[in-house]
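Step one of this worksheet: look at the structure below.
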């Protein structure tokens, strides 16, 4: 087991909350923010049987997850917070990239960036599979995040990731 894998397993960071619940027990799913542009025709309708668990809508979910992934890559957020939402292989890759960003001279002493999601595009190539892309603005740079989400253990799980 590599040192990175061992460090990730030993971390006790809580998972990144992507679903919020009010004290009354009602779900508090925030609407997409005003600056988020959902591309017309990109709202994938996930086919769910009546007895299947109710999954969150993928577009707002991707809009919350994409900036968190970029924060891990920049070394601003621990990769362990994404444990519940990404596969183990992707989490370890993100942890390595985040550690490398922290070691790089340009990353030392740099304040965290404010990231905004500009747009999200969703497609459903197969039932229970979502392919999504998001454009995330941070500072003077725009980054692209492409994700493949699959239903695993009654929740969305990122099984493939590309950053641009």
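Of 134, 142, all but one fail to be touching a strand residue (DSSP E or B) at 6+ places or on another chain (Cβ under 7 Å) and closer than 16 Å to residue 60 by Cα; the exception is 134. Conditions first: (1) at pLDDT 90 or above; (2) in contact with a strand residue (DSSP E or B) (Cβ under 7 Å, 6 or more places away or on another chain). Residue 61 passes all but one, so which condition is the exception? For residue 61, the exception is condition (1). Check whether at least one residue in the range 98-105 is part of a helix (DSSP H, G or I), surrounded by fewer than 16 Cβ atoms within 10 Å (Cβ to Cβ), out of contact with any strand residue (DSSP E or B) (no Cβ under 8 Å at 6 or more places or on another chain) and in contact (Cβ under 8 Å) with a residue 40 or more places away in the chain, and report yes or no. Yes, the range 98-105 has at least one match.
Checking each residue in the range 106-127 for being crowded, with 16+ Cβ neighbours inside 10 Å, under 21 Å from residue 152 (Cβ atoms) and out of contact with any helix residue (DSSP H, G or I) (no Cβ under 7 Å at 6 or more places or on another chain) picks out only 124. Checked against (1) touching a residue at least 60 places away in the same chain (Cβ under 8 Å); (2) closer than 17 Å to residue 60 by Cβ, residue 95 meets all criteria but (2).
The values are calculated or read from the model by the stated rules, or taken from the named source; none is laboratory data. Values in this document were obtained by computation on a predicted structure and should not be read as measured data. Backbone-built Cβ (ideal geometry, glycine too); neighbour counts: all protein chains shown.
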